[in-house]
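The values are calculated or read from the model by the stated rules, or taken from the named source; none is laboratory data. Please read all numbers here as calculations on a predicted model, not as lab measurements. Reconstructed Cβ throughout: ideal geometry from the backbone, glycine too, with neighbour counts over all protein chains shown.
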Amino acid sequence: MKFTQEELAKFQDLDDVEKEVFSPQEREDIHRRAILRAEIRRSLSETISRSVATYMAREKIGFNELTRRLHMSSATTAKILRGDANLTLDTLAAVAVVLGLTPNLTLGLSDSKGFSPKSD
């Protein structure tokens, strides 16, 4: 849906645009998905961070040596350790190789969060 400059001017913020474009149910679904996505991403990031920290302890290495082994910048290494890195699959694979681990990710249907994707 496209708006003219005049139509856009009537909106005070993004929430106003949402109300105009989406039904209350659609807005609820969008927000629920965003929350669930953030929770899943946080869980994955924390799992990776713990694995890296365990590797560091097992190998008795510090931050600088980890950065060297990963062939990554210190900023990226720090983000991984904090659980703040938005890793691509390729970067995740590179980290796994250095750690000597094989990632195990399973996607399955679950209604544990009370959400099921719409089928088109």
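Residues of the range 60-88 that are of a type outside the set (Val, Ile, Thr) and farther than 19 Å from Arg50 by Cβ: Asn64, Arg68, His71, Ser73, Ser74, Ala75.
Screening Arg27 on (1) surrounded by 14 or more Cβ atoms within 10 Å (Cβ to Cβ); (2) closer than 21 Å to Pro103 by Cβ; (3) without any contact (Cβ under 8 Å) to a residue 24 or more places away in the chain shows it passes everything except condition (2).
Scanning the range 46-53 finds no residues that are over 16 Å from Leu101 (Cβ atoms), at pLDDT 95 or above and in contact with a Leu (Cβ under 9 Å, 6 or more places away or on another chain).
If the condition is being surrounded by 15 or more Cβ atoms within 10 Å (Cβ to Cβ), assigned to a helix (DSSP H, G or I) and at pLDDT below 95, then the range 81-94 contributes Thr91, Leu92, Ala94.
Being part of a helix (DSSP H, G or I), of a type in the set (Gly, Ala, Ser) and at pLDDT 90 or above, is that true of even one residue in the range 98-106? I'd like the intermediate steps shown before the answer.
Keep residues of the range 98-106 that are part of a helix (DSSP H, G or I), which gives 98-99.
Then drop every residue that is not of a type in the set (Gly, Ala, Ser), which leaves none.
Within the range 98-106 (the criterion being part of a helix (DSSP H, G or I), of a type in the set (Gly, Ala, Ser) and at pLDDT 90 or above), the answer is no, since none of the residues qualifies.
A single member of Ala57, Ala38 is surrounded by fewer than 10 Cβ atoms within 10 Å (Cβ to Cβ), at pLDDT 90 or above and part of a helix (DSSP H, G or I), and it is Ala57.
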